[in-house]
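Remarks on the structure that follows.
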Amino acid sequence: MSAPHLDHGTEAEAPLSTTAERRAVVGTTGQTPGKEWVIVTRGLKREYDMGGEIVRALRGVDLAIRRNEYVAIMGPSGSGKSTLMNLIGCLDTPNGGEYWLNGQLVSQMSDDSLAHVRNREIGFVFQTFNLLPRSTALQNVELPLVYAGVPAAERKRRATEALEKVQLGARLTHRPNELSGGQRQRVAIARALVNDPAILLADEPTGNLDSNTSEEIMRVFENLASTGQTVVMVTHEPDIAAHARRVIVLRDGVIASDERREQFAARIQTQPAH
Amino acid sequence: MPILEAVRLALTQLRVQKLKSFFTLLGVTIGVMFLIAVVSVVNGMARYVEQDFAGKFLGVNTFSLRKTPDINMGEMTEAQWKALQRRPPITAEDAYAVREALPAGARWAIQDLRWVNPTTRYVAGGPQVVAQAVTTDLFRIKDLAVQRGRLFNEQEAAIGSAVVVIGQAVAEEYFPGLDPIGRTLEMDRVPFEVIGVLEKQGSVFGLNLDRQVFGPFLSPMRRVTNARVNLYGVVVQGQNPAEQAVLQEVVRETMRRRHKLRPGQADDFALESSQSALTQWMSIKKYLVLAGVVLPAIGLVVGAIVIMNIMLVAVAERTREIGVRKSLGARRRDILAQFLAESTTLSVLGAALGVALGVGLARVVAMATPLPTGVALWSVWVSVGLGAGVGIVSGAYPASRAARLDPISALRQE
Ligand SMILES: Nc1ncnc2c1ncn2[C@@H]1O[C@H](COP(=O)(O)OP(=O)(O)OP(=O)(O)O)[C@@H](O)[C@H]1O
Ligand SMILES: [Mg+2]
């Protein structure tokens, strides 16, 4: 069987909500999906063995995300959102299923190739920032470039540029504890973007921020998405999800719904989000 | 990640984690320092005994035929001592017979000596000196050379000229402020012309080797030393230890024949070599060297355990950092390189410091004691190797465990 042919250009905004459609993307025998599909998962599983009791955090997730899409992932606490993000970000290893990133089958990659993928293809923004506390903003943003083998001078130039893009050009030598929460998250965003990743992943990026700062961070993501950056973001806030163009809701480790923003917005006006 | 990057990162970490760095450094430094210092002290003792004592005093690859052994390290009963005294003397005829028996290439010399009180016109009295009546090869056997003047030649030796070569201390004490060459030194009222002053030799076991006077065996010096009663020694030198052993058997056979000893009868003379005098020392030295290496090595191992623990804690504290780095694309070997660079930088710094302190300590011991402590190069290599090895392994092990984690497991650890 040939690689899936998926040039429904007019349907770019339409999520793939039916199993049939997802099958069309991945193909039933699991060939490499087409190039415009940045993320494709099939039957993705993640279980935790808690001393005999198996916690099934993800129970087979089929997901396909196109280049340039801006996707929000929602769902109640414990539904597996972070677990899914970590798998998509190659920070964790699935127990089952397949995952293609940019047409590459990630779930069979070696350790070093995974490091390369994390370095080049993925920018990850964490709820808790995860900056190195003893390094300056500039040094933090330089890190991915260090592991990419970029020479020092160019590294500094590109990291400075990335920080300027998030309005932190004047805070290069500040350490994380000398920055506000919003500024820290912007450093983390600059770090995630400095290597021009294929996808920007954010797990509750505003979870630790007050509402004003959250708005400010959301505008950064909004701008990025509008310039064509692929963004996948986990959030609890329906109004934050409302910024995205597609909303996926997880429940008990499976996808409960996958809708365009308009459908989602219409639905949450008539019923609570979860 | 390039190695320079790793080292730069390491130095930053060291500055940040001062306490951890200090203890790692301390462990390696102290271990290295003691290893070097103790080995150099033991080495100094060995050099003192083996070179100064054995070399200067007895000669290299040399043995002496004597009536009784000169150096006695063991206990002796009254009866044993009396038996030794009843032995036949060593005579000049014995010495010449030995020379006849020796193969070509072996060195041979007569050495007779006695403590005397010399006199000169320039001072009233002075310390006793060792007067020696010797044949010319003794200078070569004992590696003696003149600083001024000359040694006596074969002709002077043959006709028995009353000339002497004196040690530095004799020159200073009996010819103060004067050039002794050409001046007269009297012993037992016999005048001798000084023709040479020997190079400085220092002292061995409190015996000042510069307080000696050497004259030709056939000269009146022979009367000064009472050579007729018994010769102090007939000295024989081979080119190497193996040859020495062969020569020793030649001399033994010669003397047994001359003394008409039957097989089974014990020797009634002594063949004394640096080895025979040193066997006792050697048996002690083994333990000293062992202790000198083992004790500091134990120190290093204890240091290693401390460092390992510190590194384990440090790595645990930094597992989050490892997670962050891995999430940004660090490979396992990048993490490993980072921690290796850190512990290597620390250990090498500590080892270098330990070398400096160890050499310093050895110097202090050399100044405060008569031991000529020599820093053994091998001890520097061994201790640096051990110290650096300890630091590197103890740093690498915890890091290699942490580097194996999934980024998310590392990030989750508190
Ligand atoms: N390291 C772990 N060990 C054991 N169980 C885990 C682990 N991580 C997650 N889980 C379990 O997996 C399930 C999904 O967790 P996950 O963190 O993905 O939820 P979430 O949707 O991100 O929740 P929240 O909105 O609270 O962040 C939960 O039941 C959780 O208890
Ligand atoms: Mg979560």
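The values are calculated or read from the model by the stated rules, or taken from the named source; none is laboratory data. It should be emphasised that the depicted structure is a prediction, and the values quoted were computed from it without experimental measurement. Here Cβ is always computed from backbone atoms with ideal geometry, including for glycine, and neighbour counts include all displayed protein chains. Surface accessibility is based on the protein's heavy atoms, side chains included, excluding ligands, DNA and RNA. Shrake-Rupley method; radii C 1.70, N 1.55, O 1.52, S 1.80 Å.
Quick notes on this one:
- Scanning the stretch B:212-256 for residues that are open to solvent by 20 Å² or more (accessible area, probe 1.4 Å) and small (Gly, Ala, Ser) yields B:Ala242, B:Ala245.
- Yes/no for B:Pro370 being more than 14 Å from every other protein chain (Cβ to nearest Cβ), under 40 Å from the mean Cα position of the chain (by Cα) and either at pLDDT 75 or above or at negative phi (or both): yes
- Residue check for A:Arg191: of a type outside the set (A, V, I, L, M) and open to solvent by 30 Å² or more (accessible area, probe 1.4 Å): no
- Cross-chain or 6+ apart pairs with Cβ under 6 Å, the stretch B:399-412 first and under 14 Å from A:Asp111 (Cβ atoms), then among the charged types (D, E, K, R) and part of a helix (DSSP H, G or I): B:Ala403/B:Arg332; B:Pro407/B:Lys326
- Filtering A:Glu161, A:Glu142 for residues that are open to solvent by 20 Å² or more (accessible area, probe 1.4 Å), away from every other protein chain (no Cβ under 13 Å) and of a type in the set (Asp, Glu) leaves a single hit, A:Glu161.
- Among all residues of the stretch A:241-249, there is at least one that is farther than 22 Å from A:Thr128 by Cα and within 16 Å of ligand 2 (Cβ to nearest atom).
- Selection status of A:Ser135, farther than 30 Å from A:Leu179 by Cα and either more than 8 Å from chain B (Cβ to nearest Cβ) or surrounded by fewer than 17 Cβ atoms within 10 Å (Cβ to Cβ) (or both): no
- In the set (1) part of a helix (DSSP H, G or I); (2) at pLDDT below 80, B:Ser409 fails one condition alone, (2).
- Residue in the stretch A:79-91 that is open to solvent by less than 40 Å² (accessible area, probe 1.4 Å), within 14 Å of ligand 1 (Cβ to nearest atom), among the hydroxyl-bearing types (Ser, Thr, Tyr) and away from chain B (no Cβ under 14 Å) present: yes
- Considering residues of the stretch A:59-78 that are within 11 Å of the chain's Cα centre (by Cα) and of a type in the set (A, V, I, L, M, F, W, C) only, the residue farthest from ligand 1 (Cβ to nearest atom): A:Ile65
- Selection from the stretch B:314-334 of residues that are within 18 Å of B:Leu346 (Cβ to Cβ) and without any contact (Cβ under 8 Å) to a residue 40 or more places away in the chain: B:Glu317, B:Glu321
- Some residue of the stretch A:226-241 being out of contact with any Gly (no Cβ under 7 Å at 6 or more places or on another chain), open to solvent by less than 20 Å² (accessible area, probe 1.4 Å), acidic (Asp, Glu) and in contact (Cβ under 8 Å) with a residue 24 or more places away in the chain: no
- Among the residues here, B:Thr344 qualifies as assigned to a helix (DSSP H, G or I) and β-branched (Val, Ile, Thr).
- Condition met for B:Arg401 (within 11 Å of chain A (Cβ to nearest Cβ) and closer than 25 Å to A:Leu143 by Cβ): no
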